[in-house]
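Student: Structure in structure tokens, see below.
The values are calculated or read from the model by the stated rules, or taken from the named source; none is laboratory data. All figures in this text were calculated on a predicted structure; none of them were measured in a lab. Positions of Cβ are backbone-derived with ideal geometry, glycine not excepted, and every protein chain shown enters the neighbour counts. Remember, those area values only see protein heavy atoms, side chains included, never the ligands or the DNA or RNA. Shrake-Rupley method; radii C 1.70, N 1.55, O 1.52, S 1.80 Å.
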Amino acid sequence: MGSAVVIIFYGSILFCLVGVVVRLIKFIKMPVHLKWEFYKGSSIYEQMEWWTKEQVNLWEKVKSTILDVLLLREYYHRNRPFWSVLYLFHLGIYLLILWHVWLFIASVAVEPETASTAGLIWGHTATALAFIGGLGILIKRITDSELKLYYPPLHYIKWVVMLFTLLEAFYAVQYYFDASMPALLKYVKTQVTFGDIEHKLHPPPATAIHVLLASIWLIYLPFSHIMRLFLRYYHYLVYDDVPNVKGGPMEHKIRKLLGLSVSWSAPHIQKGKTWGEVATEIPKELSKGAAGK
Amino acid sequence: MKRIKVSDISKNNEEQLLHIKEEELMQLPYIGEAENKGEPVKPLTEKQQAGFEHSLDGVSACTIPKPKDKEEEERFVRSFLEGLKKLISEKDNWTFLQQLLLSLDSCAKCQTCNDACSIYLGSGKQDIYRPTYRSEVLRRIVNKYIKKGGKIFAKLTGSDVDLNWATIARLAELAYRCTMCRRCAASCPLGCDNGLITHELRKLFSEEMGIAAKELHDLGTVQQLKVGASTGITPPAFKDIVQFMEEEIEEKTGKKIKIPVDKKGADILLIHNSGEYLSWLENPEAFAIIFEEAGISWTLSSELYGYEGTNYGVWYDDIQFSRVALKHIEIARKLNVKKIVVGECGHATKALVVIADRILVDDMNFPRESALPLLYDLVCNGKLKLDPTRNNFPVTLHDPCNMVRLMGIVEPQREVLRKICPDFREMEPHGVDNYCCGGGSGFAIMQSMNFPDWRSAVSGRMKMKQILEAFSDVISPEHKKYVCAPCSNCKGQIRELFNYYNVNEKYGIYYGGLVELIVNAMVDIEKPFIEWDWH
Ligand code: HEM
């Protein structure tokens, strides 16, 4: 049982890393698409000879991304009732992620006995926020006629697992570790430093279950919206509003893409020719030539 | 109101999912019983019903003939699946693959975007018109029929759409119930672009199955590539029109203008939507007057493809789109002009300036821009002598989605109006938050069976409401009012809307472009350029 927990845990970390990297590579290698942005205000096209003007302001884009993620501000503006629970949940999750980072660092950097209870409050508050938010989301997904529409069964299970994960984590800290920061830090330290292998192989149920649940979320991560958001913002920062400049890298990419062959079956498309050919060699029946001349 | 589930689309029968009823549509101010013609959308005749698919909402935009036998049904399904595979392949669909996959993947089912959709709201919130409905159908088909293990996990993932003839035929029609204004995309917190999914569906139907609205393909891009313009105007006919324009300009303004045609080496090649030459000649005339007054070096082209700015390919078919865009560039290169300027036409501007950007390489990557910044420069930097009091009537501005939300050209046109129209008022919402006129993505030119009724009753309903509200303080017909719509397709739609609701006669509301207002304010022209005759 003990070694299974260890294998599942490290396995899930590996899976998560590999999954994320594979998805990233797949996405980055995908061909660049035609220009297809939308704007929240004025753009460069308001200027005459826009191609001679400064194109993208990366800093503006980065700023907007950070605000989106930190505040979920699009939801705030467009769907306030949903935002209220969604935000509680996300705030909780963000704080929990930070808490784990702190926990791992503190376990090796701080003398456990001197750890203050502030850490405990932080962890519990974050868990409570995530729990209340998550429960709120689940309730809304069950009761709200709009939010339950199209919501697939799998995702209800997801929320139940999420709430259980949070509850169990609270139980482990509060009752198994007796709400003692020093005990918790010592435990984490042995984990991080691989100190007590014996303990690792025979974990107590409270921590074993926590590790197993964490593994589930690690396996889920590469398929979750977190990954998709990452890809979306990556795309936004790297591709949006990037013009095709003569002799530039974009033109190079496009030239390659125009060489791909087309296999669409409709009669107006020549099968088997390249994009470039299909676009320039218009089939006879389409271009009877200058009919009016 | 009857609720319609996503899986209802695969009911393999002829039962209509939605019956559009007047009492369920969004309420309009001022429009009373008289204008509401009882049945908002005429039912199809029995013959039409027998021949064509109409089981979505009783409307036929694509005139899809009913299958003759089982075998034909099966071929239809196979062909769709083939197309779907190509749609998600790099080779066949590199043009939008990345965006499509991201949009298929990223919907959180929060339904936030629905409230952004003028068609959904206009219809009185009918389920099938949700921006999410169409996408969810496609998503469930992909999850079930394309993804590995899709059928096994179908229950868990809620992928309950079955593929059969009716599903696909309804989906094809449904791809023509969205104007691709992408207001929903702009409102999605997760970046899911349901407008793009409409685009991709139309593409699958056109590029694989040869299904498209006739006005976009046969009478649109195919006709354009054949005779030079989707309006059917040929080069000799175009030259006659130019001569007529010169005569009319002289008659209206006393100005003797020689409109430059095929002038090699001019700074600007101006391309209009050729619909202007047929329906609103005053618009290209006004451009000519302004450009000549400002001493601009410019030209029109009378060459095949050179006098038609439209590119309907942008609405349904990447290949037709590319073909037309390349023709436009070739013309400009041949004339050796410095840049192409696209007149008041939203989709033509976006197609050539923005979307084509990533198919043009080497010398084909030719400078292109919208006319609006130039007009701003002429008006706001004092290059024309203008007297705003000549435009002393209420004016509101319709923002063409293609130029405003989808290109970010927001201010130039409003700056011009603020300068030359003392009673300019915004409609709400406006700018990048504008609602589509309801004629976007080709709707304005689509005339199939009862589709025009649907276009006015449902898809343009929100715009009608906005316009009426913008003029609520001057609603009586003795106040002549002007809706400025700097886009040919929007104008076409607004004309149809005004006819349908009879608002020109009852409320004295007219419509037209931006340049007409500029010329109307020119001090050296005696008679008003805007003649207030309904056309
Ligand atoms: C712009 C930023 C973000 C938005 C708009 C957003 C939005 C959402 C939405 C709509 C859900 C689904 C709720 C439901 O299923 O009812 C969700 C769930 C969730 N979010 Fe976010 N989120 C964002 C960023 C993040 C980040 C950065 C994290 C963590 C690092 C995160 C963690 C989660 C988790 C763990 C869930 C629950 C599992 C899941 O549905 O995938 N989110 N978020």
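Student: Taking the criterion of being within 16 Å of the ligand (Cβ to nearest atom), among the hydrophobic types (A, V, I, L, M, F, W, C) and at pLDDT 95 or above, would at least one residue in the stretch A:5-19 satisfy it?
Tutor: yes
Student: Can you work out which of the residues in the stretch A:87-109 that are among the β-branched types (Val, Ile, Thr) and more than 10 Å from the ligand (Cβ to nearest atom) is farthest from A:Lys140 (Cα to Cα)?
Tutor: A:Val108
Student: Of the conditions (1) assigned to a helix (DSSP H, G or I); (2) under 27 Å from the mean Cα position of the chain (by Cα); (3) surrounded by 19 or more Cβ atoms within 10 Å (Cβ to Cβ), B:Asp115 satisfies every one except a single condition; which number is it?
Tutor: Evaluating B:Asp115 over (1) assigned to a helix (DSSP H, G or I); (2) under 27 Å from the mean Cα position of the chain (by Cα); (3) surrounded by 19 or more Cβ atoms within 10 Å (Cβ to Cβ) leaves (3) as the failure.
Student: Output the number of residues of the stretch A:124-134 satisfying the condition of being surrounded by fewer than 18 Cβ atoms within 10 Å (Cβ to Cβ) and either within 12 Å of the ligand (Cβ to nearest atom) or at the interface with chain B (Cβ under 10 Å from one of its Cβ atoms) (or both).
Tutor: Matching residues across the stretch A:124-134 total 0.
Student: Which residues, taken from the stretch B:118-132, are farther than 16 Å from B:Arg183 by Cβ and open to solvent by less than 10 Å² (accessible area, probe 1.4 Å)?
Tutor: Residues satisfying the conditions are B:Gln126, B:Asp127, B:Ile128.
Student: List pairs: first in the stretch A:120-135 and under 13 Å from A:Val173 (Cα atoms) and touching a residue at least 40 places away in the same chain (Cβ under 8 Å), second in a helix (DSSP H, G or I) and within 16 Å of the ligand (Cβ to nearest atom), Cβ under 7 Å, 6+ apart or cross-chain?
Tutor: A:Gly123/A:Trp99; A:Thr127/A:Gly92; A:Thr127/A:Leu96; A:Thr127/A:Leu166; A:Thr127/A:Ala169
Student: Listed residues B:Asn164, B:Asn93; which is surrounded by fewer than 22 Cβ atoms within 10 Å (Cβ to Cβ) and more than 16 Å from the ligand (Cβ to nearest atom)?
Tutor: B:Asn164
Student: Being free of Cβ contacts under 8 Å to residues at least 40 places away in the same chain and either surrounded by 18 or more Cβ atoms within 10 Å (Cβ to Cβ) or in a helix (DSSP H, G or I) (or both) narrows it down to one residue among A:Leu138, A:Leu147; which is it?
Tutor: Just a single option satisfies the conditions, and that option is A:Leu138.
Student: Which condition number does B:Ala288 fail, the rest of (1) within 14 Å of chain A (Cβ to nearest Cβ); (2) part of a helix (DSSP H, G or I); (3) within 24 Å of B:Phe366 (Cα to Cα) being met?
Tutor: (1)
Student: Sticking with this structure for a sec: Restricting attention to the stretch A:151-196, and to residues there that are within 30 Å of B:Cys107 (Cα to Cα) and not in a helix (DSSP H, G or I), which single residue is nearest to the ligand (Cβ to nearest atom)?
Tutor: Here the answer is A:Tyr151.
Student: For the stretch B:146-253, which helices (runs of 4 or more DSSP H) that fit wholly inside it have 2 or more residues that are closer than 30 Å to A:Ile157 by Cα?
Tutor: B:154-157, B:183-187, B:194-209
Student: Residues in the stretch A:86-94: is at least one within 13 Å of chain B (Cβ to nearest Cβ) and either of a type in the set (Ser, Thr, Tyr) or surrounded by fewer than 17 Cβ atoms within 10 Å (Cβ to Cβ) (or both)?
Tutor: The answer is yes, given that some residue of the stretch A:86-94 is within 13 Å of chain B (Cβ to nearest Cβ) and either of a type in the set (Ser, Thr, Tyr) or surrounded by fewer than 17 Cβ atoms within 10 Å (Cβ to Cβ) (or both).
Student: Name the single residue that is most open to solvent (accessible area, probe 1.4 Å) among those in the stretch A:46-61 being touching a residue at least 12 places away in the same chain (Cβ under 8 Å) and more than 7 Å from every other protein chain (Cβ to nearest Cβ).
Tutor: Applying the filter and picking the extreme gives A:Leu58.
One line per residue, one yes/no per condition, for (1) touching a residue at least 24 places away in the same chain (Cβ under 8 Å); (2) within 28 Å of the chain's Cα centre (by Cα); (3) closer than 18 Å to B:Val137 by Cβ; (4) open to solvent by 20 Å² or more (accessible area, probe 1.4 Å):
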| residue | (1), (2), (3), (4) |
| --- | --- |
| B:Ile64 | yes, yes, yes, no |
| B:Lys68 | no, no, no, yes |
| B:Arg75 | no, no, no, yes |
| B:Leu84 | yes, yes, yes, no |
| B:Ile88 | yes, yes, yes, yes |
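Student: Please state which of the following conditions A:Ala179 fails to meet, knowing it meets all the rest: (1) open to solvent by 60 Å² or more (accessible area, probe 1.4 Å); (2) modelled with pLDDT under 95.
Tutor: Of everything listed in (1) open to solvent by 60 Å² or more (accessible area, probe 1.4 Å); (2) modelled with pLDDT under 95, A:Ala179 misses just condition (1).
Student: Related question: Which of the residues that make up the stretch A:219-235 are open to solvent by less than 50 Å² (accessible area, probe 1.4 Å) and either at the interface with chain B (Cβ under 9 Å from one of its Cβ atoms) or among the aliphatic types (A, V, I, L, M) (or both)?
Tutor: Matches in the stretch A:219-235: A:Met227, A:Arg228, A:Leu229, A:Leu231, A:Arg232, A:Tyr233, A:His235.
Student: From (1) surrounded by 19 or more Cβ atoms within 10 Å (Cβ to Cβ); (2) within 16 Å of the ligand (Cβ to nearest atom); (3) touching a residue at least 24 places away in the same chain (Cβ under 8 Å), pick out the condition that doesn't hold for A:Ser43.
Tutor: Result: A:Ser43 fails condition (2) only.
Student: Under the condition of being among the polar types (S, T, N, Q) and assigned to a loop (DSSP other than H, G, I, E, B), which residue from the stretch A:226-268 is nearest to the ligand (Cβ to nearest atom)?
Tutor: Here the residue is A:Asn244.
Student: So, in the stretch A:135-150, exactly how many residues are within 11 Å of another protein chain (Cβ to nearest Cβ) and within 14 Å of the ligand (Cβ to nearest atom)?
Tutor: Qualifying residue count, the stretch A:135-150: 9.
Student: Looking only at the stretch A:72-82, count every residue that is touching a helix residue (DSSP H, G or I) at 6+ places or on another chain (Cβ under 6 Å) and either more than 10 Å from chain B (Cβ to nearest Cβ) or more than 9 Å from the ligand (Cβ to nearest atom) (or both) and tell me the total.
Tutor: Going through the stretch A:72-82 one residue at a time, the tally reaches 3.
Student: Any idea which of (1) at pLDDT below 95; (2) open to solvent by less than 10 Å² (accessible area, probe 1.4 Å); (3) not acidic (Asp, Glu) is the one B:Leu102 doesn't satisfy?
Tutor: Only one criterion in (1) at pLDDT below 95; (2) open to solvent by less than 10 Å² (accessible area, probe 1.4 Å); (3) not acidic (Asp, Glu) is unmet by B:Leu102, namely (2).
Student: Among the residues of the stretch A:199-214, is there at least one that is farther than 17 Å from A:Val6 by Cβ, more than 16 Å from the ligand (Cβ to nearest atom) and open to solvent by less than 50 Å² (accessible area, probe 1.4 Å)?
Tutor: No, the stretch A:199-214 contains no residue that is farther than 17 Å from A:Val6 by Cβ, more than 16 Å from the ligand (Cβ to nearest atom) and open to solvent by less than 50 Å² (accessible area, probe 1.4 Å).
Student: Do the conditions hold for A:Val22, that is, is it surrounded by 18 or more Cβ atoms within 10 Å (Cβ to Cβ), touching a residue at least 40 places away in the same chain (Cβ under 8 Å) and more than 13 Å from the ligand (Cβ to nearest atom)?
Tutor: Spelling it out, it is not the case that A:Val22 is surrounded by 18 or more Cβ atoms within 10 Å (Cβ to Cβ), touching a residue at least 40 places away in the same chain (Cβ under 8 Å) and more than 13 Å from the ligand (Cβ to nearest atom).
Student: Residues B:Ala154, B:Ala212, B:Ala185: which one is within 13 Å of chain A (Cβ to nearest Cβ), hydrophobic (A, V, I, L, M, F, W, C) and surrounded by fewer than 23 Cβ atoms within 10 Å (Cβ to Cβ)?
Tutor: B:Ala154 is the lone residue from the list that is within 13 Å of chain A (Cβ to nearest Cβ), hydrophobic (A, V, I, L, M, F, W, C) and surrounded by fewer than 23 Cβ atoms within 10 Å (Cβ to Cβ).
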